[in-house]
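The values are calculated or read from the model by the stated rules, or taken from the named source; none is laboratory data. None of these values were measured; they are calculated from a predicted model. Virtual Cβ from ideal backbone geometry, glycine too; neighbours counted across all protein chains shown. Protein only, heavy atoms only, side chains kept; ligands, DNA and RNA dropped before computing areas. Shrake-Rupley method; radii C 1.70, N 1.55, O 1.52, S 1.80 Å.
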Amino acid sequence: MSSLLKLAEQMRHEVDRELGSTVQLPDNNVAGHESPVWQSGERDFLAVSSGVPAGDNRTAVEIGCRYGRMLRAAARRFGRVVGVDLSERVANRARDMIGSDARVELLVSGDLTLAPISDSSADFVWSFSALSTMPPLAVASLLREARRILKPTGTMRLRMFFGRDIALSGATVMFPRAYRRESFERAASLAGFQVLEVSGALPAVAGALAAHGVEAMAVTLHPSTPAASVEMIAEALMPTTAHASAGSAAIPDMESLATIDFAAALAEEGERERAQQVLHYVETCCRVATIDIRDILERVVARSAPKIAVDARGASPVLEANMRVLRERFPEAHRAVAALGDGEHSSVHVTDTAQGPAVWREGACLDHAEKPRQAAAVWVSRALQEKRVGDAPNLLVAGFGGGYHLEELLATPGDRKLWCYEPSAVALRAALASRDLVACLSSLAGLSTEAPDFGRIAGSVELLVRPQNALLDSGVVQPLRAQLVSRRGLSLLHPRIAVLGPLQGGTIPTGYYTQAALQRFGQHSRGIDMSGFNKGYELLDDLARSERGRAVARNSYVEMLTTTMLQNFDEKPIDVLICMAQAPASAKFLEEMRRRGVVTVLWFVEDYLRFSYWRDMARHYDFVFTIQRDGCLEAIKAAGAGEVHYLPTACDPFLHRPLELSAEDRALWGSQLSFVGAGYHNRQQMFASLAHYPFKIWGSEWPTCKPFDTLVQQNARRISPEEYVKIFNASDINLNLHSSAERDGVEPNGDFVNPRTFELAACGAFQLVDERTLLGECFEAGKEVVTFSSLPDLRDKIEHYKSRPEERAVIAAAGRARALRDHSYDRRIEQMLGVIYGSKFQHLAARESESPWSKMIEHSSGHEELRARCEKARARGEQPTLDALVSDVVTGDGKLSETEQKLMFLFHVKKHTLRPGLSKKEERQG
Amino acid sequence: MMKKRYPHKKKVLLVNITRLGDMLQATPTIAGLKEENPGCHITVLVEKQFVDVCHVIPNIDEVIGIDLAFVCRSLDREGDGIVDAYEYVDELVRRLREEKFDYCLNMSSSAYTALLLNLVGIERNGGWTSDEQGYRVIESQWAQLFATSVFHQNRQYNSLNLVDVFRCSADVESHPRKLLINVEPESEAHCEALLGAAQFTNTGPLIAVQAGASQAKRQWSPARFVEMIKILVRDHNARVVLTGAPKEAVIVDPIVAGCASPNVISVVGRTSVPQLAAMLRKADILITGDTGPMHMAVAVGTPVVSMFLASAYGFETGPYSEGNLVLQPVIGCGPCNPNKACGRPDCHDTVSPQLVAHLVAARLAGDVREVSPAVADPRLVVVYRSTFDEHGFCDLVPLNTAQPDAMTRHRRAYRKLWLEDLGGFSIPQPKPAAAGRLAVVDEGLRGLDEIAACAKAGQDLIGRLEVCIRDTSITAAELGEVSQRLTDLDSKIEALGFQYGPLESLSRMFIFAKENLKGTDPLSLASQMNRAYQDLERRCVRFGSYYLGE
């Protein structure tokens, strides 16, 4: 099968699957109006065909007509309208929806051509949503076909997304893609078109794409030259930076967005009711519940006049009964509701409907404004259709509303536990005041008005967010979702992670600590220690004399290392690559990793103002973690990094800990004042004036002149991490002065906190550290660490603390407690993975489901023990090989299970056949 | 009558996975099983590619193919391929269990067939299997002898053909004294057509030549074949047909070209296995190395002249029928280790084209009972004639020498020992005077007294061990000490075997016996161990006396 046919097959599969899961197709009429589908179709067709001559003798063709949203509108203007789509099933649905219309033809084209349509027969070809969601190869094929069927005088109009290249990876083939405008124009011209116009005249889509730096443009094309090959056209469309990052979950299906857009437009025009209807349609008919329709709703809601039916503040017998149960079962929630003051109720009201009261908050109805019970039942049945939700032992529902959906969920068979989080105590009180919820409250497993801690819920949890709450409470719901995803990530995802260390420098240990923490989290990680290659890197300097020669040699050396690493990753693939600062990862290498779908991460534990290589490298990383905030985050983001987050360094409690030292060790390593670190300018300048103290300086790059000749220990050799833990432990006062190459003394606006701060604290060592703007959020100055702002200040504090060992001990102990609690590498890695898994969950889960282990596990479902063995071997981080499966089968050490014997059988067959050509006797003797 | 472990068998599984030669060598056993166990059903498990071939093997009721190629392909795919392979095994085990075999005989010593048989769970067996801990189990003493005899350092002291050892491990006494294969009329017609198309000008004997061998070092050079064939064609009016598998064309084509005679043709790659059998039957004689076609010729009753070069050893796998000729080079390094390549196969020089041509001509003229040392120098090569002894065991009788070589006495002594000790056959005892010479140090028996003494000491220690087991007041330390001394003793026996090479078969049999103790009851284990020491002591004495009696 050609690659095009294969692709078409895959696309059709996805379209069909979507058809299966898009639960409701719109009724043709909603509340007396033509369905929003046709309304938005009419609007969009007018936009997409503007300026194109219509007429009864003209033919219009839509590429990717799906359910025919725009075909009716087209048929009102063109004599013959042809809708082409991939799937017979979809075409059938479109036929059902459109009904009989002599002008409309529906064609199924399963091979990404427009084969049934003859050459030069169409006056107008358009595509509104389809082409922009197809892979480049498909777009290329269809562009070429469009060129073929268009009359020489014809016009093609496409809605495409332009901005930076966004080619989202993931399990699906069909998802929105954005192209660089010049790429697309080049492709169009290769396909034989002249690009007449690219305009922003088409409606923008609900802001969702704008957030990704992408805009929808109408492209007008006329046939001009003969078309090039499909491959050439596709090549032009290929993203220059593969897998540019964007959260795939963030962009829902285009049809929904278009409809939401339509609602927004209606709201703008003051058609509030119709806008409401359209939005309800989106809510109930769209599978994706995370659509950001906040803006539109706000605009719509701002114009709606609330009808107050029940006073949400009033006391009632219903409220009393509900509150009794609430106090008994959920005392925290009860306290929150009971503590509400009078003024806090204004944002909430309740309206009456035929099916019971509906609660409104901040102008939005938390239930269906007319049919709360019925809508809740629809919402619940749809939510439970999704297997992961239906099967979850715990469901956490964000949003209490009027409680209808909770009652519905409780009434649905199953042993799931139901937890509810209602961020607004006021809204909860309104519900409690208006309905008898005693039974509901008695059956819930939990109800809180504070963000719930998933840790308290045993077993896996699924989060269900009411659409209204997703809008109103996005500030709390989003972190909750992220928390759940990252928690699930830590327990459900097993991506293969590699931590790539630098050739040299202070970041090497940070790489080790990172790797150790990943392992403690049970992640499948391996550290790639490059420090051994440093010697060779340095030797190049001896061989290559000229600066240019050295640069070439160094580049070749790094290239050699990365080529070798790529080979290593061929053999032992990874999913996530965490590069420590200064790791030898070239742009080419990182792009190759990304091409393979590997998530690239940089932990940039350096001062971004001092080291600027991020300017060139940031765009090759999906995530950059920094030790600085504000300007740093913005600058690195602007340099093209996918996501940038603040993540300071930390301590490794397994290494950085209090030690019982012998008197000998104390004498060797200890002093009244100690400092460990390189001899940067400001340190030299400041410490020279402390020479009258018993003061030991450890580390390299110090001058040999006075007074350092006596202060600096052991010929200024490099000190290992184990050694400096001894120094920290053995010294009364440890100085910690952040380095500056330019300034004297304490850097006035120094921001980031160095690793030594955390390490000293974790050792239970007393430190005097210079003031840093980011230190305050890590340690409380004066209680957990003592800071100084200048040389005189430092002198005063040394004088104060040198003779007060008890005070020092109290502060050091508090510092240690804080470091252990908040600043361990475990904590940091948890945060790092939380971010990565939260945003790449789908991608990583898809990779995992495609991984050989997953296939094996799935495939071995009929063989419990085999399956368990696969899972165990995967958890050990092994490759999906037979050797991995039998590596813990030890013959002669207890009885072998049947499964083990069968695996050993295979193992021996394999071993046996590796020695072909041996005779009978040879085998016997082997 | 031969000693038998399981006299009655109803449903037998014969595992013979990989080789055609092995399958042919099993035919006397299969025939014997049928004869001695009337109504017995015999299933063979072979690699899938041999399933068809098995249909020309008589007495087989059912053939089950195991698709090792599929298993390997699946395993090579890794990932879910492993699960496919696993499911294949799972299904195979299920299928074999359903058959409810009451006896199995595993000819191959591979670990995987041993595991497979343990999985199938057939209680009675005569060959390799494994226990539930994955350890190799060889219960039958004949099979243990099989394993002992093929240990490289023991091979040259063995004179029992493996066909017989295997047969005895299946308790088979009566057998057809030849290998068996059915020749189908269609195959014969095919061969007639092949021969009919040839432009032979000679009218003499049809001589088949199998030039290819399984290993380069066992491959007599094409130049020698050419020279030998030329003699036969020129001097004996012979028509020569070269046989072989398609991949052997690279060896055979140059020979045919070198002979440049209408009387020399190649049918390489033009015969299936049954057709090759038919072709060999048509031939008057086969000239070959130790190959599958050699066994096939034996099975169709065509005499063979076979060269046992390099690692090949005539006593072990020689032609299993009466009256074949076997050439075994006399060279310090032969038979060599099959797992080592050889860069300078000097053993080939011991066999000249003239000698082979001479022997072929002699064998064509009739049974050969004598070869003149002038023709075949016994210092270079021994020419044997295959025959059967009075107990029906295949043997080789030297034709060109009256002097036994250095190994002969050991071979003869071992032969008698095992036939008597394992088979229960009555063996003429050496004269008492000879037996009394055991005390005299004979170079060939050095170390025997030491091994016998160890065997005796072992029995004493077992006596103490049994006391310790029965007496609950004995401390663990004492028990441990006895056990430690037994372990040390066993190590010593093994070491003595290595030190005194000719005696290694004795110690190896002892080690196999100890490896295959059954059960977990201490007293039963002690009693089995005692028997192993008794066996060893007795065998030492008997071996010494047979050796001296030679």
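At-a-glance table
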| item | result |
| --- | --- |
| Filtered residues of the stretch A:870-880 (kept if open to solvent by 30 Å² or more (accessible area, probe 1.4 Å) and either part of a helix (DSSP H, G or I) or within 13 Å of chain B (Cβ to nearest Cβ) (or both)) | A:Glu871, A:Lys872, A:Arg874, A:Ala875, A:Glu878, A:Gln879 |
| The listed residue being of a type in the set (Gly, Ala, Ser), touching a strand residue (DSSP E or B) at 6+ places or on another chain (Cβ under 7 Å) and not in a helix (DSSP H, G or I), out of A:Gly402, A:Gly414 | A:Gly402 |
| Residue count, the stretch A:621-637 (criterion: surrounded by 23 or more Cβ atoms within 10 Å (Cβ to Cβ) and either small (Gly, Ala, Ser) or farther than 29 Å from A:Glu742 by Cα (or both)) | 3 |
| Single match in B:Ser306, B:Ser311 (criterion: more than 14 Å from chain A (Cβ to nearest Cβ), of a type outside the set (A, V, I, L, M, F, W, C) and surrounded by 23 or more Cβ atoms within 10 Å (Cβ to Cβ)) | B:Ser306 |
| When residues of the stretch B:246-264 are limited to those that are surrounded by fewer than 16 Cβ atoms within 10 Å (Cβ to Cβ) and among the aliphatic types (A, V, I, L, M), the one farthest from B:Ala213 (Cα to Cα) | B:Ala260 |
| Whichever residue in the stretch B:109-130 is open to solvent by 20 Å² or more (accessible area, probe 1.4 Å) and part of a loop (DSSP other than H, G, I, E, B) and, among such residues, is nearest to the other protein chains (Cβ to nearest Cβ) | B:Ser109 |
| Breaking point among (1) in contact with a Lys or Arg (Cβ under 9 Å, 6 or more places away or on another chain); (2) within 14 Å of chain A (Cβ to nearest Cβ), for B:Lys247 | (1) |
| Considering residues of the stretch A:854-864 that are open to solvent by less than 50 Å² (accessible area, probe 1.4 Å) and either assigned to a loop (DSSP other than H, G, I, E, B) or touching a residue at least 60 places away in the same chain (Cβ under 8 Å) (or both) only, the residue nearest to the other protein chains (Cβ to nearest Cβ) | A:Ser860 |
| Close pairs (8 angstrom Cβ cut-off, 6 or more residues apart or separate chains): more than 14 Å from every other protein chain (Cβ to nearest Cβ) and in contact (Cβ under 8 Å) with a residue 12 or more places away in the chain in the stretch B:321-341, of a type in the set (Asp, Glu) and surrounded by 15 or more Cβ atoms within 10 Å (Cβ to Cβ) anywhere | B:Val330/B:Asp405 |
| Filter result (within 32 Å of the chain's Cα centre (by Cα), of a type outside the set (A, V, I, L, M, F, W, C) and either open to solvent by 30 Å² or more (accessible area, probe 1.4 Å) or over 30 Å from B:Cys336 (Cβ atoms) (or both)) within the stretch B:191-214 | B:Pro205, B:Ser214 |
| Residue check for A:Glu759: under 27 Å from A:Tyr646 (Cα atoms) and loosely packed, with under 15 Cβ neighbours inside 10 Å | no |
| Residue in the stretch A:832-853 that is surrounded by fewer than 17 Cβ atoms within 10 Å (Cβ to Cβ), within 17 Å of B:Ile82 (Cβ to Cβ) and facing chain B (nearest Cβ under 9 Å) present | no |
| Qualifying residue in the stretch B:514-525 (condition: among the polar types (S, T, N, Q) and within 23 Å of B:Gln156 (Cβ to Cβ)) | no |
| Odd one out for A:Arg867, checked against (1) farther than 30 Å from B:Arg19 by Cα; (2) within 8 Å of chain B (Cβ to nearest Cβ); (3) of a type in the set (Lys, Arg); (4) in a helix (DSSP H, G or I) | (2) |
| Scope the stretch A:435-462; condition modelled with pLDDT of 90 or more, assigned to a helix (DSSP H, G or I) and not aliphatic (A, V, I, L, M); matching residues | A:Cys440, A:Ser442, A:Ser443 |
| Enumeration of residues in the stretch B:145-162 that are away from chain A (no Cβ under 12 Å), assigned to a helix (DSSP H, G or I) and either open to solvent by less than 10 Å² (accessible area, probe 1.4 Å) or without any contact (Cβ under 8 Å) to a residue 24 or more places away in the chain (or both) | B:Leu145 |
| Within the stretch B:91-101, tally of residues that are crowded, with 18+ Cβ neighbours inside 10 Å and either facing chain A (nearest Cβ under 10 Å) or of a type outside the set (Phe, Trp, Tyr) (or both) | 3 |
| Selected residue (criterion: modelled with the highest pLDDT) from residues of the stretch A:892-926 that are within 22 Å of B:Leu96 (Cβ to Cβ), assigned to a loop (DSSP other than H, G, I, E, B) and facing chain B (nearest Cβ under 7 Å) | A:Leu896 |
| Among (1) without any contact (Cβ under 8 Å) to a residue 12 or more places away in the chain; (2) of a type in the set (Lys, Arg); (3) farther than 30 Å from A:Glu848 by Cβ - the single one B:Arg19 does not satisfy | (1) |
| Among (1) of a type outside the set (Gly, Ala, Ser); (2) in a loop (DSSP other than H, G, I, E, B); (3) more than 9 Å from chain A (Cβ to nearest Cβ), the one test that B:Gln133 misses | (3) |
| Failed criterion for A:Tyr801 (all others in (1) in contact with a strand residue (DSSP E or B) (Cβ under 8 Å, 6 or more places away or on another chain); (2) buried (at least 19 other Cβ atoms within 10 Å of the Cβ) hold) | (2) |
| Residue within the stretch B:132-143 that is open to solvent by 40 Å² or more (accessible area, probe 1.4 Å), of a type in the set (A, V, I, L, M, F, W, C), at pLDDT 90 or above and at negative phi present | no |
| Filter pass, B:Val368 being among the β-branched types (Val, Ile, Thr), surrounded by 23 or more Cβ atoms within 10 Å (Cβ to Cβ) and touching a residue at least 40 places away in the same chain (Cβ under 8 Å) | no |
| Qualifying helices (runs of 4 or more DSSP H) (wholly inside the stretch A:499-618; at least 3 residues being farther than 30 Å from A:Thr773 by Cα, free of Cβ contacts under 8 Å to residues at least 40 places away in the same chain and open to solvent by less than 10 Å² (accessible area, probe 1.4 Å)) | A:587-595 |
| Cβ pairs under 8 Å, 6+ apart, first in the stretch A:35-55 and touching a residue at least 24 places away in the same chain (Cβ under 8 Å), second surrounded by fewer than 18 Cβ atoms within 10 Å (Cβ to Cβ) and of a type in the set (Ser, Thr, Tyr) | none |
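The rows are residues; the columns are (1) within 21 Å of B:Trp128 (Cβ to Cβ); (2) of a type outside the set (S, T, N, Q); (3) more than 9 Å from chain A (Cβ to nearest Cβ); (4) touching a residue at least 60 places away in the same chain (Cβ under 8 Å).
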{"position": "B:Lys9", "(1), (2), (3), (4)": "yes, yes, yes, yes"}
{"position": "B:Lys34", "(1), (2), (3), (4)": "no, yes, yes, no"}
{"position": "B:Val63", "(1), (2), (3), (4)": "yes, yes, yes, no"}
{"position": "B:Glu78", "(1), (2), (3), (4)": "no, yes, no, no"}
